[in-house]
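What follows is a set of notes on a single structure, which appears directly below.
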Amino acid sequence: MLARTLLRDETGRTGQLLQSRGLEAGPLEAWQRLDAERRAGLVEVEDLKRKRNEASREIGLIKRDGGDASAQIAAVSQSKAQVEALQSRLTEVETELRDLELDFPNLAHETVPVGPGEADNRLERQVGEPREFDFEPQAHWDLGPALGILDFERGAKLSGARFTVYFGAGARLERALINFMLDLHTTDHGYTEVLPPFIVKRDAMMGTGQLPKFEDDAFKIDRVEGEDLFLIPTAEVPLTNLHSGEILDESQLPLRYTAYTPCFRAEAGSYGKDVRGLFRQHQFNKVELVQLAHPERSFEALEELTGQAEKVLQLLELPYQVMALSTGDMGFGAAKTYDLEVWLPGQQRYREISSCSNCTDFQARRANLRFRPTGGGKARLVHSLNGSGLAVGRTLIAILENYQQADGSIVVPEALRPYAGGLERIPASG
RNA sequence: GGAGAGAUGGCUGAGCGGCCGAAAGCGACGGUCUUGAAAACCGUUGACCAUUCACGUGGUCCGUGGGUUCGAAUCCCACUCUCUCCGCCA
């Protein structure tokens, strides 16, 4: 959510910024009309309430002295209907304002390239050289089944399209990657490891911005009674909401959390994209990085966090590039996003393997994440950041495609071997 | 799943239906004292919203949502969560 002072802005600048994020002018104008109505109504109803409170106090005093207050009581009772009517209209207006606000995306930082889509993303850097193959490199959807480590058919049999079963060295490598990444982030990068619930309440999904706008993308658990629960689409949701409603001490910042979790995405809009292989699944594994940072240092924190995700690719010796996403391509809550794209020889292109975002105070305002400045003073909103460090399944894809050999076997990256029981090679026989 | 107890400010914890936004303690912050620190003493210290150039003023908030009342932290109903005991269980 955006600050109301920003949305009220007279200069039209907020409107322009929102338009660059793909929002049309109508909702903002509607918001501004309702806001004006709300403020006028508040003045009116608060004045009536003030009078009512004064009268009630007077009644108390009269009664204490044993007097007859029936005239005053009648007068207050009379104004009751008026207060109620005004108040209920105000509540309505407040709800409409809130509904509109919840659908406004975050404003882009000034360093973000402006443009409507993927084509406007800016290449920041390329690291590592794509390997020269002296044979035709295969895609992982051919390599995996041939090696007997990925089974798409049985995944579909059990759970439907976009579910995969890992066997043997495949499962082992996935597990090794998880441990490798968690160790790196906790030991070298100063993150606290967290094992959160994989199911969260509606409030948590609201806090990070998955709801209400993108409910179709989530797996919802409808219980017979009680509130809805959601399978987490990313560990960002439980991690960022860990301190919702709390007031932290400034000295605690930045908080750095990392977690491995499975992620569940229904992705209603993705039909026909990446239908083959492991790239786009309803369930996948991810090691996530989250920081709650001081607002004046959050953009430095974004560089830091992005670098920490890159470190994983560097240690695994996978070539990649870093893209600064354009205003039109960024996620809903982000003020700035870097995507890490790993080279996939089987597809001859760079593909997303991590997305690192500074959400500034956008999520903090929704989730009520605040800190008390050292030396006292008003509580302020923290800035929240998140990034994949990395998407584990996609990392496995990258390893299979980049480390494949002419005989169909896969060399295990050196950094990973200690985590894979010393395994050096997945033999072609499976 | 059954029985009982509870939910109040950063924390602990009082609170006859009417100067209660809330005692007290702790913590934090400022000051006095000190070479410095500690101790002691004095003072300040909730959030949100609206309004005002500003000092300030008003409104809302005592788990959440309803209700009773001129007036609710205090009474009634429902829900959520926590704790204790019993049952079941990886």
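Every number in this text was worked out from the coordinates using simple rules, so none of it is lab data. Since this is a predicted model, take the numbers as computed values, not measurements. Cβ: placed from backbone, ideal geometry, glycine included. Neighbour counts: every protein chain shown.
Computed on the stretch A:4-101, with alpha-carbon pairs under 8 angstrom and 6+ residues apart, the relative contact order is 34 percent. In the stretch A:1-66, which trypsin sites (Lys or Arg not before Pro) fall in coil by DSSP and have 15 or fewer other Cβ atoms within 10 Å? Filter output for the stretch A:1-66: A:Arg8.
Please report Rg over Rh for the stretch A:65-174, where both radii come from the alpha carbon positions and Rh follows the Kirkwood definition.
With Rg and the Kirkwood Rh in hand, the quotient comes to 1.45.
If R0 is 56 Å, the Cβ-Cβ spacing of A:Lys220 and A:Glu58 corresponds to a FRET efficiency of close to 0.60.
Taking the Cα centre of chain A as the origin, how large is its charge dipole in debye, to the nearest 20, when only Lys and Arg (+1) and Asp and Glu (-1) carry charge on their Cβ atoms?
1040 debye
Once a ≥ b ≥ c are taken as the square roots of the eigenvalues of the Cα gyration tensor of the stretch A:300-430, is the result rounded (a/c under 1.5), prolate (a/b larger than b/c) or oblate (a/b not larger than b/c)?
Judged from the Cα gyration tensor, the stretch A:300-430 comes out prolate (a/c at least 1.5, a/b above b/c).
Summary value for chain A: 20 percent relative contact order, contacts being C-alpha pairs under 8 angstrom separated by 6+ residues. Compared with the alpha-carbon gap, the fully stretched path from A:Val83 to A:Phe167 is longer by 23.5 nm at 0.36 nm per residue.
With springs only between Cα atoms under 10 Å apart, run a GNM on chain A and tell me which of A:Leu48, A:Leu107, A:Leu17 wobbles the most. For chain A, modelled as a Gaussian network with Cα springs under 10 Å, the answer is A:Leu48. Loop-located GluC sites (Glu not before Pro) in the stretch A:304-340 (DSSP state not H, G, I, E or B) with no more than 16 neighbouring Cβ atoms inside 10 Å: A:Glu317. Backbone amide hydrogens, once placed in the peptide plane, bring A:Thr327 within less than 5 Å of A:Val114, A:Gly115, excluding anything fewer than 5 places away on its chain.
What residue among A:Leu177, A:Leu23, A:Leu61 shows peak mean-square fluctuation when chain A is described by a Gaussian network model with Cα springs under 10 Å? Among A:Leu177, A:Leu23, A:Leu61, the largest mean-square fluctuation in the Gaussian network model of chain A belongs to A:Leu61.
Annotation: the stretch A:116-218 has a Kirkwood hydrodynamic radius of 18.5 angstrom, from the mean reciprocal C-alpha pair distance. Per-residue ellipticity at 222 nm, computed for chain A from helices alone with -39500 (n - 2.57) per DSSP H run of at least four residues, works out to -12000 deg cm²/dmol.
Structure remark: mean-square fluctuation, Gaussian network model of chain A, C-alpha springs under 10 Å; the largest value among A:Ala335, A:Ala69, A:Ala406 belongs to A:Ala69. With the charge dipole of chain A set up from +1 on Lys and Arg Cβ and -1 on Asp and Glu Cβ about the Cα centre, the Cα lying farthest toward the positive end among the listed residues A:Gly41, A:Leu102, A:Leu292 is that of A:Gly41.
Residues whose amide H lies under 5 Å from that of A:Leu344, counting only those 5 or more places away or on a different chain, are A:Arg349, A:Tyr350, A:Arg351; hydrogens are built 1.01 Å from N in the peptide plane. The Kirkwood radius of the stretch A:195-332, taken over pairs of alpha-carbon atoms, gives through the Stokes-Einstein law at 10 °C and 1.306 mPa s a diffusion coefficient of 93 µm² s⁻¹.
Loop-resident GluC sites (Glu not before Pro) (DSSP state other than H, G, I, E or B) in the stretch A:24-81 with no more than 11 further Cβ atoms inside 10 Å of their Cβ: A:Glu24. Taking the centroid of alpha carbons for each part, the stretch A:305-334 and the stretch A:65-124 are 37 Å apart. With a Cα-only, solvent-free Debye model of the stretch A:3-84, what are the log10 I(q)/I(0) values at q = 0.11, 0.12, 0.21 Å⁻¹? Taking Cα atoms of the stretch A:3-84 as identical point scatterers yields -0.52, -0.56, -0.93. Dividing the alpha-carbon radius of gyration of chain A by the rule-of-thumb value 2.2 N^0.38 Å gives 1.22.
Below 13 angstrom from the Cβ of A:Val165, what's the summed charge of the other residues (Lys, Arg +1; Asp, Glu -1)? Taking every other residue near A:Val165 into account, the sum is 0.
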